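The values are calculated or read from the model by the stated rules, or taken from the named source; none is laboratory data. Predicted, not measured: the structure shown is a model, and the values here were computed from it. Areas reflect the complete protein model, heavy atoms only, side chains present, ligands, DNA and RNA absent. Shrake-Rupley method; radii C 1.70, N 1.55, O 1.52, S 1.80 Å.
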Amino acid sequence: MLACWEEQMRPALYTTGSLLVVAHGNSLRALLMQLRGMSPAEVEQLEIPTAQPLRLLFDDEMNLLP
């Protein structure tokens with residue numbers, strides 16, 4: 001997921017300003033683990049509801065905002 005973020009998603013988000021990502025829960029957990037700097041133990045506890053949008057906001061340098 002990190003390679004996909006760096007090579008595909010991040011450049012597209014920077015260019016377009018918004019991006020829709022649809023994926024399975026574990027893929028999303030892997031991405032959030034990297035973006036939020038979570039430990040494997042923390043990400044195991046992360047619940048991602050099915051079919052509910054999760055909105056992430058980034059600053060101008062593509063750092064995840066709280």
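Heavy atoms only, 1.4 Å probe, whole protein assembly: order Glu42, Glu7 by accessible area, highest first.
Listed by decreasing accessible area, they come as Glu7, Glu42.
Relative contact order, percent, of the chain when contacts are C-alpha pairs under 8 Å separated by at least 6 residues?
27 percent.
Can you give the Rg to Rh ratio of the chain, both from alpha-carbon atoms, with Rh computed by the Kirkwood formula?
That ratio is 0.94, to two decimals.
Expressed as a whole percentage, what fraction of the accessible surface of the chain belongs to carbon and sulfur atoms when a 1.4 Å probe is rolled over the protein heavy atoms?
Its accessible area is 53 percent carbon and sulfur atoms.
With every protein chain left in place, what is the accessible area per residue of the chain in square angstrom, probe 1.4 Å?
79
Taking 0.36 nm per intervening residue step and subtracting the Cα-Cα distance, what contour gain separates Leu46 from Met62 on full extension?
Here the answer is 3.5 nm.
Could you work out how far helix 25-36 tilts from the main Cα principal axis of the chain, as a 0 to 90 degree angle to the nearest 10?
Computed tilt is about 60 degrees.
Under a 5 Å amide H to amide H cut-off, with H placed in plane at 1.01 Å, what residues pair with Phe58 once short-range neighbours are removed?
For Phe58, the qualifying residues are Leu65.
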